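> First, the structure itself, so that you have it in front of you.
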Amino acid sequence: MRTLTLETDPVAVDVIFTADTFRVTLNDGRELSVPLAWFPRLMHGTAEQQGQWELIGEGEGLHWEALDEDISVAGLLAGRGDQTSTRPQAA
């Protein structure tokens, strides 16, 4: 069985928000639709804050300064949401 190997990893080129999702457009033409519930900081941000995103590493990730949020394209492709929450400590 052959495995597809990409010569380059896809990178983000655009982000658009809806009421309950955000869509990340990749340079290969794919669009990822991600539930805002996966990223509480984005979900609770204002429309203005959500719109103030910038690319990290030529599109390998996305950054929102006002919301202190960084998201990698690789993480989105792997289906990972917010990784900053901590587990409750045992008493």
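> At a 1.4 Å probe, what is the % contribution of carbon and sulfur to the accessible area of the stretch 17-91?
Carbon and sulfur together cover 48 percent of it.
> Further question on the same structure: Going by the alpha-carbon gyration tensor, a ≥ b ≥ c the square roots of its eigenvalues, is the chain rounded (a/c under 1.5) or, if a/c is not under 1.5, prolate (a/b greater than b/c) versus oblate? If you can, show how the numbers build up before the last one.
Values: a/c = 1.99, a/b = 1.28, b/c = 1.56.
It comes out oblate by the Cα gyration axes.
> From the phi angles alone, apply the Karplus equation (6.51, -1.76, 1.60; θ = phi - 60°) to the stretch 17-24 and give each ³J(HN,Hα) in whole Hz, x where the residue is Gly or Pro.
9, 10, 4, 10, 9, 10, 10, 10
> Also, I was wondering about something else. Give me the 1.4 Å probe accessible area per residue for the stretch 14-91, excluding ligands and nucleic acids, in Å².
Values: 5050 Å² over 78 residues.
It amounts to 65 Å² per residue over the stretch 14-91.
> Let me have the 222 nm mean residue ellipticity of the chain computed from DSSP H runs of 4+ only, each contributing -39500 (n - 2.57), with the sum over all residues rounded to the nearest 500.
-2500 deg cm²/dmol
> If I take every Cα pair under 8 Å that is 6 or more residues apart in the chain, average their sequence separation and divide by the length, what percent do I get for the relative contact order?
This gives 21 percent for the chain.
> Here is a follow-up. May I ask you to evaluate 6.51 cos²θ - 1.76 cosθ + 1.60, the Karplus curve with θ = phi - 60°, for each residue of the stretch 56-72 and list the ³J(HN,Hα) values in order in whole Hz, giving x for glycine and proline?
Per-residue couplings from phi come out as 10, x, 6, x, 5, x, 10, 9, 10, 4, 5, 9, 6, 10, 10, 9, 8 Hz.
The values are calculated or read from the model by the stated rules, or taken from the named source; none is laboratory data. Since this is a predicted model, take the numbers as computed values, not measurements. Just the protein is used for accessible areas: all its heavy atoms, side chains included, with ligands, DNA and RNA removed. Shrake-Rupley method; radii C 1.70, N 1.55, O 1.52, S 1.80 Å.
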